[in-house]
Amino acid sequence: MWFEEIPLGNKITLGSYAFTEENIIAFARKYDPQPFHVDKDAAARSPYGGLIASGWHTSSVWMKLVIAYRHGRIAEGEEATQANFVSPGVREIRWPKPVRPGMIVTYTNEPFAKLDWPSLPQYGLLEGKNEAFDQDGTLVYSFINQVLMARRPATSGRADGNVRP
Amino acid sequence: MTDLLHFEDFRAGQIFALGTHTLTPEEMIDYARDFDPQPQHLDPDAAKDLLGGLAASGWYLCALAMRMMVDGLFNRSTSLGAPGVDEVQWRRPVRAGDKVRLDGEVLDRRDSSRPERGFVRFRFSMWRAKETGEDERVMMFTCSVMFRRRASAGSA
């Protein structure tokens, strides 16, 4: 969807992901091998009382679901407006409740602001509020994302930035 | 256990050097396949758009930084993880072959509602080594990490 056409204040469900002992440990062994993420016994003795997912695992799954959501929309016939998506950053990442094996976490995104991005005028910066909930509806993750979205070209001939006669 | 870094061992202004790492295409693509399968993170030939070539996923850089933080600091400390990250900035594309280093600067400390713990706020910066001139900061984020305090008579 072109930058101009994205509705603000419209919450979408990106998808769900089942966290398991296996995928929690596999992620953490590679990227976050703290005892409460990789070692069941050590986790049981920790203040968490059991294995919990790395926060970066919860974050990475958001990205995975965003890509799957976009692919799904395009498969349903939505126009593919850009080949790839780039972000200058995110903020206010919160992991208010540990994610544990057996949780099914559902992620949502709600665009709330559009900003100019002067260094790349053919793009606009979209800001969105993101939340994720466990199967009981408890918030386990939230943050604000930013993504550069292509603006609708003035004419179809300018889609790649070049003017052709 | 006495070797572990506790809340009391951190002071504003301390800078922890957390190692260096040279990125390989394999590790970038491995992460991207699992979590960020976009052409600019997967395919050296297809990725000539916004980032100008194959570049690491920003979330991969966070995961890589985390690994360097755990290996370089947290696994020799009483860290209990972090409840969040205030701000992540992805400032420059990072590519295969780039040699990066990570450092963590202590910004400040604060008490926790739990007397046996405290929070230490860090700014973690990932730098790319340049052949000439100053290293270039490619990513940074700030976060407050919980640490246990040293045992005291009053701890409950």
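The values are calculated or read from the model by the stated rules, or taken from the named source; none is laboratory data. Predicted, not measured: the structure shown is a model, and the values here were computed from it. All Cβ positions, glycine included, derive from the backbone under ideal geometry; neighbour counts span all protein chains shown.
Residues being within 15 Å of the chain's Cα centre (by Cα) and more than 7 Å from every other protein chain (Cβ to nearest Cβ): count how many of those fall in the range B:83-98.
2
State which residue pairs qualify: first residue on the phi > 0 side of the Ramachandran plot and inside the range B:5-31, second residue surrounded by 13 or more Cβ atoms within 10 Å (Cβ to Cβ) in any location, beta carbons under 9 Å apart, and separation of 6 or more residues or different chains.
B:13/B:105; B:13/B:106; B:13/B:107; B:19/B:68; B:19/B:71; B:19/B:72; B:19/B:101; B:19/B:102
Can you report the number of residues in the range B:129-139 which are at pLDDT 95 or above and surrounded by fewer than 18 Cβ atoms within 10 Å (Cβ to Cβ)? Write out each step before concluding.
Filtering the range B:129-139 for residues at pLDDT 95 or above gives B:136-139.
Now restrict to residues that are surrounded by fewer than 18 Cβ atoms within 10 Å (Cβ to Cβ): B:136-137.
Count: 2.
Are there any pairs with C-beta distances below 7 angstrom linking a residue in the range B:48-75 that is more than 8 Å from chain A (Cβ to nearest Cβ) to a residue that is of a type in the set (S, T, N, Q) and surrounded by 23 or more Cβ atoms within 10 Å (Cβ to Cβ), with the two at least 6 apart or on different chains, and if so which?
B:54/B:40; B:55/B:40
Residues in the range B:2-22: is at least one within 8 Å of chain A (Cβ to nearest Cβ), of a type in the set (D, E, K, R), in contact with a Ser or Thr (Cβ under 9 Å, 6 or more places away or on another chain) and more than 22 Å from residue A:144 (Cβ to Cβ)? If you could, list the steps in order and put the result at the bottom.
Here is the first cut: in the range B:2-22, the ones within 8 Å of chain A (Cβ to nearest Cβ) are none.
No: the range B:2-22 contains no residue that is within 8 Å of chain A (Cβ to nearest Cβ), of a type in the set (D, E, K, R), in contact with a Ser or Thr (Cβ under 9 Å, 6 or more places away or on another chain) and more than 22 Å from residue A:144 (Cβ to Cβ).
So if I check each of A:62, A:56, which one is closer than 19 Å to residue A:99 by Cβ, within 9 Å of chain B (Cβ to nearest Cβ) and either aliphatic (A, V, I, L, M) or without any contact (Cβ under 8 Å) to a residue 60 or more places away in the chain (or both)? Give the steps one after another, and end with the answer.
Working: A:62 fails: either aliphatic (A, V, I, L, M) or without any contact (Cβ under 8 Å) to a residue 60 or more places away in the chain (or both).
Testing whether each residue is closer than 19 Å to residue A:99 by Cβ, within 9 Å of chain B (Cβ to nearest Cβ) and either aliphatic (A, V, I, L, M) or without any contact (Cβ under 8 Å) to a residue 60 or more places away in the chain (or both) leaves just A:56.
Out of the range A:1-51, which residues are hydroxyl-bearing (Ser, Thr, Tyr) and either at pLDDT below 95 or more than 22 Å from the chain's Cα centre (by Cα) (or both)? Quick ask: steps written out before the conclusion?
First pass over the range A:1-51, keeping only residues hydroxyl-bearing (Ser, Thr, Tyr): A:13, A:16-17, A:20, A:31, A:46, A:48.
Listed by number, the residues that qualify are A:46, A:48.
Does residue A:19 qualify as being buried (at least 22 other Cβ atoms within 10 Å of the Cβ), of a type in the set (Phe, Trp, Tyr) and more than 13 Å from chain B (Cβ to nearest Cβ)?
Details: buried (at least 22 other Cβ atoms within 10 Å of the Cβ): yes; of a type in the set (Phe, Trp, Tyr): yes; more than 13 Å from chain B (Cβ to nearest Cβ): yes.
So residue A:19 fits the description; yes.
Pairs only if they're at least six apart or on different chains, beta carbon under 6 angstrom, first in the range B:95-115 and closer than 21 Å to residue B:136 by Cα, second among the hydrophobic types (A, V, I, L, M, F, W, C) and at pLDDT below 95; list them, first residue then second.
B:95/B:55; B:99/B:129
Considering only residues that are under 20 Å from residue A:2 (Cβ atoms) and surrounded by 16 or more Cβ atoms within 10 Å (Cβ to Cβ), look in the range A:74-109 and name the one that is nearest to the chain's Cα centre (by Cα). Explain how you work it out, then say what you get.
In the first step, residues of the range A:74-109 are kept if they are under 20 Å from residue A:2 (Cβ atoms); the result is A:74-88, A:109.
Retained after the next criterion (residues that are surrounded by 16 or more Cβ atoms within 10 Å (Cβ to Cβ)): A:81-82, A:84-87, A:109.
Details: A:81: 19, A:82: 17, A:84: 14, A:85: 12, A:86: 12, A:87: 11, A:109: 8 Å.
Ranking the qualifying residues of the range A:74-109, first place goes to A:109.
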